[in-house]
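The values are calculated or read from the model by the stated rules, or taken from the named source; none is laboratory data. Here the structure is a predicted model, which is why all the values come from computation and not from measurement. Cβ placement follows ideal geometry from the backbone for every residue including glycine, while neighbour counts extend to all protein chains displayed. Side chains are part of the model used for accessible areas, which takes the heavy atoms of the whole protein and leaves out ligands, DNA and RNA. Shrake-Rupley method; radii C 1.70, N 1.55, O 1.52, S 1.80 Å.
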Amino acid sequence: MRLAGCVKTTLTVWVCATGCRPAPAAAPPEPREAPGSSDGGLIEPRRTVEVVELSIPLFEGGVVELARFRGQVVVLEVSASYARGWTAMHRRYQDLLQAHGEDALSVITVALDMDAGDLAAWERDPPPFTLGWDPQGALAARLGVTSLPTVFVLDHEGGLVDELKGWSDDLETRLESAVGSVLEPRAVGAVCSR
């Protein structure tokens, strides 16, 4: 049975019940000649990054809007306590928060565990980041998560910078690189006053 309704999310992820396929992506705009340019100077088309808008269900109840974290780089992990790398990644998140500060970086882990008891350690010793809980996998489906962990790195405006899928030995290094690529450019343009 084919359903007519597909839903396009802000991550350009298609969520469909069955059989839907997105239309082919449009070709990027071609560079054009700069107005008043006699030397054939070209203007590169402006590349836009889609802003990710989500309501994240929290482990302790309620929801948090991803927009609340605007102004910070956000690491959004979708995983589960049984997934490879769960503990290692959380230690890495704590290291990143310590290195960059909680004013510059926020980490949100969305656990897919069905049983809240599997996350009891979070209640005893909560980490310095947000724990979301998605036992039905609705948020994971909306984001198109196909492997655990999947880590999204979002810039200061909520734009998707990188998506790291599945555990690998270099996942922590790739994460640090993605976070650093967003945080470091802001420091380069800083102006010092005397």
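Taking amide hydrogens as placed 1.01 Å from N in the peptide plane, the amide H of Ser106 sits under 5 Å from those of Val73, Val74, Val75, each at least 5 positions away in sequence or on another chain.
Relative contact order of the range 122-167: 27 percent, from C-alpha pairs under 8 Å at least 6 residues apart in sequence. For Glu65 and Glu123, the FRET efficiency from 1/(1 + (r/R0)^6), where r spans their Cβ atoms and R0 equals 22 Å, is about 0.40. Starting from the Cα gyration tensor of the range 59-142, take the square roots of the eigenvalues, sort them a ≥ b ≥ c, and report rounded, prolate or oblate (rounded when a/c is under 1.5, otherwise prolate if a/b is larger than b/c, else oblate). It is oblate, given that a/c is not under 1.5 and a/b is not larger than b/c. Just to be sure I understand: of the beta bridges DSSP finds with both ends in the range 51-194, what percent are antiparallel, rounded to 5? Around 60 percent of the beta bridges assigned by DSSP in the range 51-194 are antiparallel ones. The residues neighbouring Gly132, those whose beta-carbon lies less than 13 Å from its own, together hold a net charge of -3 under the Lys/Arg +1, Asp/Glu -1 convention. In this structure the range 85-194 gives 52 Å² per residue of accessible area when probed at 1.4 Å with all protein chains present. Taking the protein heavy atoms of the range 44-121 in the context of the full set of protein chains, the accessible area attributed to carbon and sulfur is 48 percent at 1.4 Å. The mean sequence separation of alpha-carbon pairs under 8 Å and at least six residues apart, normalised by the residue count of the range 58-191, gives a relative contact order of 32 percent. Computed extension length for Ser81-Ala99: 4.0 nm, one decimal, from 0.36 nm per residue of separation with the Cα-Cα distance subtracted.
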